[in-house]
Amino acid sequence: MPPRLTRRELLAGAGAFALLSRIPVGLALGPSTSTSPATPALIDDLIARMTVEEKAGQLTLFGSALQTDAAAAANPVTVRPTAEGQLAAARAGRLTGIFNGSNVRWHQRLQQAAMASRMKIPLIFAADVIHGFTTVFPVPLAEASSFEPELARRTARAAAVEATAVGIDWTFAPMVDIARDARWGRGVEGSGEDVLLGRRMAEARVRGFQGEGLDRNDAMAACPKHFAAYGAAEGGLDYNTVDVSERTLREVYLPPFRAGFDAGALTTMASFNEISGVPATANTWLLDDVLRGEWGFRGLVVSDYTGDMELILHGFAADERDAARLAFLAGVDMSMQSGLYLRHLPPLVADGAVPMARLDESVRRVLRVKAALGLFDDPFRRMSPERARSMQRRPETLALAREAARKSVVMLKNQRDLLPLKRSGQRIALIGPMATDWWNTAGPWTLFGGDDTGNDLASAMRKAMADPGALQVVEGTGFGRGLPGGVQAAVAAAAAADVAVLAIGESLEYSGEAQSRTMITVPDAQQSLVAAVAATGTPIVIVLSNGRALALDGPVLEAPAILVGWFLGSGSGPALADILFGEHGPSGRLPVSFPRESGQAPYHYDHKPTGRPDPTPDALQPFKTHYRSVSNSALFPFGHGLTYGRIEYAGLDVGSGRLSADGALEIGARIHNRGTRAAEEVVQLYVRDRAASVTRPVRELKDFRKVALAPGDSADVRFTLRREDLLFVGPGLEPTVEPGLFDVWVAPSAEADGLAGSFELVA
Ligand code: BGC
């Protein structure tokens, strides 16, 4: 067995490194950026003067009595407080804040009521600002396709500017759950299957939401969620049981949270699921030992929507009082929507079942977050009716939405350079349920989106064409069901055209919360439409709308050109037209592997090797790791995406081929664009640890870089690998790195050959 280095030795050589580590988070409620007069002493003084009921009130959050229809539809109906009831609760100090309201005048009234309460503690206003506010940015999974964390930072920043203007202080985002099972509907809210991409996106989004300092009027507190392993639900079924080893938890599911906290997030949300028998909402090990103990997180933990009450249905708590006690003592500071803390914490304290000191600790965490947000300085600081109007959907924000949408599009195929289309001299049939649809382009978790009529693909294509009359538009079919005469009309349009663009896929209802699918395919009605159109012999371009990886097959897969369009938000139609007509090239890369068949789920590129790996995906050999009919490889792997250029990789350089104790290894390659069009290539660095005391994945992404290449251009891309990049969770669950041989690839996707080499990590 090669010698293992301890963390101390490792850090001595490599400097501070937080991933996988037990080093406390740096920032969390350290020196406050706030100029607030709410010093620790003042907070202590408030706590000393509060009644136990007021303390329970500070730990109680409810949905806003006034909500848009979309916001109201985001959660099951439980209690629906009246505006009067909510104002009275604020006045009585029985409410810490509300969520998913968006009416600035209502927020002002409610805050006035809180400021008229005995303790005058300001309310906090939260919301699910997941991918934009009134301007809708691409769904997070789409945006992850950009492989551009800076873009995610910018869209989060822009969303914060809009949301804070109506008084939102706190977003329930980013969702940082690693999602490796495409059946799970909530993968759409996150950054896909990869840990490194997940960490970088988590960090970027936290920085974007929180801006230049939390006490700024345009900053809101981020909430990396759902803690933890929500994406590991058995069978990809939302809310379902999670049974995951501590090693996988630490190596896969926890690092994006850690990245979010290291970037300054002060809050997190407990997930709905159980983990190996203990619901996350009552998981003392997870919340107290790992989060607060090992990581030193000093922020607050909020339950998910009625998550504490659900401990009863999990079969973990006997009744409501027990549920409140278990969640609270495990470390959930704030109860969302159930009202359990309000009802049960005071008697639990009176009976001695919950120590008053614990209650004070949770209240202190809540008040510290309110103080960091500057709410004690000015409780109305984010509520400006003037800004609520003037900061929404500004031209620069809409331009950013279009840029983000464009950068989120992934081109899977482009045979015979069918794309880009011509602006003139080409008759185009645009067919499918997404042809004129703008509603679905918003994607799931759009609760506050503005009017995006006119954002549809048909309108944008017409605008881009020299002769808009050369575009014929036919719906053809609904998402799940055919339309009378739909296929006939589509066939006629395609037969009369030089090229047919099929805008098909999932509607927004197919993904999101509680929207798991058993088959991750394009619905049958649309497959039939594509088959009929393809039979005309007119070349077809598929433009998919989708909230997950899809298993493409049949005529959809056989189409010469396929674009993955996800749900792109306010910039959707124009961005797709930009790409279709070549105004901009596609530059996105898949953040999730597209498997060959639904039955491969969960599939992720960084799986472990088996003792009988399948060496030839195209010719299945007996007694190897594959299914009867298909190899267990991706149809389109993580990282895949084509450009309008012709990209070549050459000249892998692994320097000395040795990475030493204190060292860094430079790995370089030369990337050429031999084509006639500009391209942006996402160059990816993967490694494989050949032999270790714990088996390692067949490949792991270690870095990536986007390079812009004019026709004929080339660029040297250099990556720096350090020892800490090779850490894994060792046999004793400690961060470990072991000397030995590593394979390395600089490649255009997780399963492309790219350029392959090796290096040695020396002790
Ligand atoms: C979701 C959370 C969300 C909350 C409030 C829950 O159903 O799981 O992600 O923040 O509702 O809307």
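Annotations
- The protection proxy used here, the mean number of other Cβ atoms lying within 10 Å of each residue, ranks peptides 570-576, 425-431, 459-465 as follows, highest first: 570-576, 425-431, 459-465.
- Taking amide H positions as modeled 1.01 Å from N, with prolines and chain starts lacking one, the residues under 5 Å from PHE636 and 5 or more places away or on another chain are PHE594.
- Relative contact order, percent, the range 610-689 [alpha-carbon distance under 8 Å, six or more residues apart]: 24 percent
- All C-alpha to C-alpha distances of the range 434-507, sorted into 5 Å bins beginning at zero, yield P(r) values of 3, 14, 22, 24, 19, 12, 5, 2, 0 percent in whole numbers.
- For the range 681-739, the set of trypsin sites (Lys or Arg not before Pro) satisfying both a DSSP loop assignment and a count of at most 15 other C-beta atoms within 10 Å is given as ARG690.
- The mean sequence separation of alpha-carbon pairs under 8 Å and at least six residues apart, normalised by the residue count of the chain, gives a relative contact order of 15 percent.
- Take the chain with all the other protein chains still there, run a 1.4 Å probe, and you get 35 Å² of accessible area per residue.
- Rel. contact order, % - alpha carbon contacts under 8 angstrom, at least six apart, the range 677-756: 38 percent
- In this Cβ point-charge picture (+1 for Lys and Arg, -1 for Asp and Glu), the range 392-511 has a dipole of about 380 debye about its Cα centre.
- Taking Cα centre as origin and charging only the Cβ of basic (Lys, Arg, +1) and acidic (Asp, Glu, -1) residues, the dipole magnitude of the chain rounds to 880 debye.
- Element breakdown for the chain at a 1.4 angstrom probe: carbon and sulfur atoms account for 52% of the accessible area.
- Ordering PHE479, ALA460, PRO539 by the projection of their Cα atoms onto the charge dipole of the range 446-554, which places +1 on the Cβ of Lys and Arg and -1 on the Cβ of Asp and Glu, puts PRO539 at the extreme positive end.
- Other-chain or far-sequence residues with amide H under 5 Å of VAL410's (modelled H): VAL564
- Taking each DSSP H run with n ≥ 4 as -39500 (n - 2.57) and averaging over every residue of the chain yields -7500 deg cm²/dmol at 222 nm.
- Residue among VAL242, PHE261, GLY211 farthest towards the positive dipole end of the range 176-294, charges placed on Cβ: GLY211
- Restricting the range 71-160 to trypsin sites (Lys or Arg not before Pro) that sit in a DSSP loop and have at most 15 other Cβ atoms within 10 Å of their own Cβ leaves ARG118, LYS120.
- Computed Kirkwood radius, in angstrom, where 1/r is averaged over Cα pairs of the chain: 27.0 Å
- When the Cα positions of ALA551, THR171, SER511 are compared along the charge dipole of the chain, THR171 comes out farthest toward the positive end, with charges on each C-beta of Lys, Arg, Asp and Glu.
- Estimated vicinal HN-Hα couplings, Hz - the range 693-706 in sequence order (Karplus 6.51, -1.76, 1.60; Gly, Pro = x): 6, 10, 4, 10, x, 5, 7, 9, 5, 10, 6, 8, 8, 9
The values are calculated or read from the model by the stated rules, or taken from the named source; none is laboratory data. Keep in mind the model is a prediction, meaning the values are calculated, not measured. Backbone-built Cβ (ideal geometry, glycine too); neighbour counts: all protein chains shown. Heads up: the accessible areas ignore ligands, DNA and RNA and are worked out on the full protein's heavy atoms, side chains in. Shrake-Rupley method; radii C 1.70, N 1.55, O 1.52, S 1.80 Å.
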